[in-house]
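Here, each number is a calculation from the coordinates, and none is a lab measurement. Just so we're clear, the structure is a prediction, and the values are computed from it rather than from any experiment. FYI the Cβ positions are ideal-geometry reconstructions off the backbone, even for glycines, and counts take in every protein chain you see.
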């Protein structure tokens, strides 16, 4: 072969190699929006596992501030923009973006067989019955307690409401905040109520109030609110102005013995190094059930206007698989919605076991579809109740009237 031919052949082979390499490296780039700023590291690890199996797809995870996320997302989607894939909130918040047609329906395109009907209910649009997001995890409202403080002050872990108050009194006498909880952020007051009230209004109340056979002026609900009102004596000084960040800091710093919140706090408390354990809310009296409130935290949806819909659906299918559920459990300490994950973390296993006696997180699951939402009404009412501005009966009437007039 002449030198000229060798050069020509080399040039052709080089061009072919370059072209092949260009094809191999070509990627579909997906944007993924979320409100879960605390989970960025874990989600990037989960995404890396997906990208390893799908080298032709690249996913960029962006976490927005939680309170403004709904507004940011809805505004972008309404303008024909927004991410390819997104964390969606559930129930009424899901409907706010599914009903206008911003989300791609998933049933028929995604295998959802590893998810229960109850879990899918939180990501299903009531108007057409289609599923618009893959549910990702359930959350649980429960009580965290500082093991070191209980041991130091020789306080028994309570099982009933009277024992709970007795423990709180013991800490108060020892100049320790019994509860870290404040009410500056209304949603944290709702979580607290969600954890504690079901043991007073009972297991049947949710079904009755959502069917219309009972309303929120029911004596069971009023009585449960009266129990919540008893907690103001155990909250930090100036609890009216204690916000979510301060609540967490009080508990982490060992300045409060108990923190009533959601199971989503577990990873942060573990990372902080605080020596804590968890328990279901105290029973109304000895021998009664100790229920927890549970809810579907949200889902993963696809932008109906995405130019990369095929790749986006591929990622969403990944979120509906057992390997994804396992990573969600292992890396984020969540009880995954998808079946098949082995829950190895002992704390998370406790949360899962609590679900044997569970009640729906009432306002989110049942009354966040219209305006005003049940959550808005209850949060405002709890702030008024715990500052002495209104009685439990007055708050219950406001909630009941507001829900009846909601549109």
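Under Stokes-Einstein, with the Kirkwood radius over Cα pairs standing in for Rh, what whole-number D in µm²/s applies to segment 107-191 at 20 °C and 1.002 mPa s?
Working: Rh = 16.8 Å.
Answer, rounded: 127 µm²/s.
Where does each of 294-304, 160-170 land if you order them by average Cβ count within 10 Å, highest first? It would help to have the intermediate numbers written out before the result.
Details: 294-304: 24.9, 160-170: 18.0.
Final packing ranking: 294-304, 160-170.
Mind checking the angle between helix 374-386 and the chain's longest principal axis? C-alpha axes, 0 to 90 degrees, to the nearest 10.
40
Can you give me the relative contact order of segment 313-407 as a percent, contacts being Cα pairs under 8 Å and 6 or more apart?
On the way: 80 pairs, mean separation 16.2, N = 95.
Once divided by the residue count of segment 313-407, the mean separation gives 17 percent.
So for segment 27-161, considering every pair of alpha-carbon atoms, how many percent are separated by more than 27 Å?
Values: 3169 of 9045 pairs.
Result for the distance tail: 35 percent.
With both partners inside the chain, how many of the DSSP beta bridges are antiparallel, as a percent to the nearest 5? Don't skip to the answer; put the middle values down first.
Details: 23 of 39 bridges.
Taking every DSSP beta bridge with both residues in the chain, the antiparallel ones total about 60 percent.
At each listed q (0.09, 0.12, 0.23 Å⁻¹), what is the log10 of I(q)/I(0) that the Debye formula gives for segment 187-306 modelled as equal alpha-carbon point scatterers?
Debye output, listed in q order: -0.34, -0.57, -1.41.
In percent, how large is the relative contact order of segment 204-292, given Cα pairs closer than 8 Å and 6 or more residues apart?
Working: 30 pairs, mean separation 10.6, N = 89.
Value for segment 204-292: 12 percent.
Modelling each spin label as a point 7 Å along the Cα-to-Cβ direction, I'd like the residue 127/residue 75 distance in nm, to one decimal.
For residue 127 paired with residue 75, the spin-label model returns 2.3 nm.
Can you tell me the relative contact order of the chain? Whole percent, Cα pairs under 8 Å, sequence separation 6 or more.
On the way: 714 pairs, mean separation 93.0, N = 407.
Answer for the chain is 23 percent.
Sort 139-145, 318-324 for me by packing, meaning the mean count of neighbouring Cβ atoms within 10 Å per residue, highest on top. Please list the in-between numbers first.
Numbers: 139-145: 24.0, 318-324: 19.1.
So the peptides 139-145, 318-324, ranked by packing, come out 139-145, 318-324.
If you line up the long axis of helix 66-78 against the longest principal axis of the chain, both from Cα atoms, how many degrees apart are they, to the nearest 10?
50
Just to confirm the number: angle between the C-alpha axis of helix 40-53 and the first principal axis of the chain, 0 to 90 degrees, nearest 10?
Taking the Cα atoms of the chain, the angle to 40-53 is about 40 degrees.
Based solely on C-alpha atoms, express the radius of gyration and the Dmax of segment 233-375 in angstrom.
According to the Cα coordinates of segment 233-375, Rg and Dmax are 18.5, 59 Å.
222 nm [θ] for the chain, helices only, -39500 (n - 2.57) per DSSP H run of 4+, per residue, to 500?
On the way: 19 runs with 193 residues, N = 407.
Result for the chain: -14000 deg cm²/dmol, rounded to the nearest 500.
Identify which of the listed values of Kirkwood radius over Cα pairs in Å was calculated from the structure shown: [x] 23.1; [y] 22.1; [z] 23.9.
Looking at Kirkwood radius over Cα pairs in Å for this model, the match is [x].
For the residue pair residue 66 and residue 44, what label-to-label distance in nm results when each label sits 7 Å from Cα along the Cα-to-beta-carbon direction?
The answer from the label model is 2.1 nm.
Give the whole-number value, in cubic angstrom per residue, of the convex hull volume spanned by the C-alpha atoms of segment 359-407.
Working: hull volume 3.3 nm³, N = 49.
Hull volume over Cα atoms, normalised by residue count, gives 68 Å³.
Would you list 395, 40, 176 from fewest to most Cβ contacts within 10 Å?
On the way: 395 27, 40 13, 176 19.
Placing the least packed residue first, the sequence is 40, 176, 395.
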